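What follows is calculated from the coordinates using simple rules that are stated; it is not laboratory data. Since the structure is predicted, the reported quantities are computational estimates derived from the model, not experimental observations. No Cβ is skipped: glycine too gets one built from the backbone with ideal geometry, and neighbour counts run over all protein chains shown.
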Amino acid sequence: MLEEKREMAIGMRQRGMTYNEIVRELDIAKSTLAGWVTNIFPPSIEKEIKKIAAKKYREKTLAWAKYRSNLIKERERKEQIKFAKQIKKLSKRDLFYLGLGLYWAEGAKTQRYKFVFFNSDPFINKSILKFLYCFLGVNKQQIKIQMVLHPGAKERETKNYWSKTLNLHPENFNRASYSLSVASKGRKPKNRLPYGTIQIAVQGKRYANMIKGWLQGLENKFI
């Protein structure tokens, strides 16, 4: 029986199976296996066996890492769904303060003659437009969009994306500008935003005063 296992182990090793695979398959100790297969193959064959075994080990390691990553992502997804269900329908008051909070974080505070907001996130940009329509009384014709793109981005495709996403006409868009930091000049930007960042602007001193006044009021409530 033991001799039969030895012959099987030699054949399995010759096919490039790893020590762990053979030990599990034959239910033997790793030290026993090492005694059977160490130095029994010519150096050239041993080299090829080790290459095959190393490749299989890498493939298994990568497969396990991918499986574990997907498992973690699925757990995170389920947990996020649980918390998402805690959010109920937003009231008009909720939307008002959501808009103020977004502008407080991403709006231009020094503009005196227009409302200006910068962001790259589609949901955030759609939310600020809803805030403009509902609370500042702005209509779509007043909206002007300035796209700031990375070199290599296609203006036409990007404009089509934002036009569809924000439900705006192409005439709402100014000609795109391109941005490349000094630090990344001459190198391909990493993790670049595929649709860039957009500036949402509405001309009018009244709109600048409205948003600044609301923010002052909000700030005063924290003092």
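Things to note:
- Net charge over other residues, Cβ less than 13 angstrom from the Cβ of residue 171 (K, R count +1; D, E count -1): +4
- Between residue 75 and residue 140, full extension at 0.36 nm per residue minus the direct alpha carbon distance yields a gain of 19.3 nm.
- Between helix 2-14 and the chain: long-axis angle, C-alpha atoms, 0 to 90°, nearest 10: 50
- Modelled FRET efficiency - R0 22 Å, residue 40 with residue 2, Cβ distances, 0.05 increments: 0.85
- Net charge, residue 67 excluded, C-beta distance under 14 Å - Lys, Arg +1, Asp, Glu -1: +3
- Within a Gaussian network of the chain (alpha carbon springs, distance under 10 Å), most fluctuating of 210, 17, 147: 17
- Angle of helix 43-84 to the longest C-alpha principal axis of the chain, folded into 0 to 90 degrees and rounded to 10: 40°.
- Scalar couplings 3J(HN,Hα) for the stretch 88-103, obtained by applying the Karplus form with A = 6.51, B = -1.76, C = 1.60 to θ = phi - 60°, are 9, 4, 7, 7, 4, 5, 4, 4, 4, 6, 4, x, 4, x, 5, 5 Hz; x denotes Gly and Pro.
- Applying the Karplus relation 6.51 cos²θ - 1.76 cosθ + 1.60 with θ = phi - 60° to the stretch 118-123 yields 3J(HN,Hα) values of 10, 5, 10, 7, x, 5 Hz, where x marks Gly and Pro.
- The HN-Hα couplings worked out from phi for the stretch 17-34 by the Karplus form 6.51 cos²θ - 1.76 cosθ + 1.60 (θ = phi - 60°) are 6, 7, 4, 4, 5, 5, 4, 5, 5, 9, 6, 10, 6, 5, 5, 5, 4, 4 Hz, whole numbers, x standing for Gly and Pro.
- Among (1) 92, 45, 34; (2) 63, 39, 29; (3) 125, 37, 29, the entry that matches Cα extents along the principal axes in Å as calculated here: (1)
- Net charge contributed by nearby residues that have their C-beta within less than 13 Å of residue 211 (K/R +1, D/E -1): +4
- For the chain, the relative contact order comes to 21 percent (Cα pairs under 8 Å, sequence separation of at least 6).
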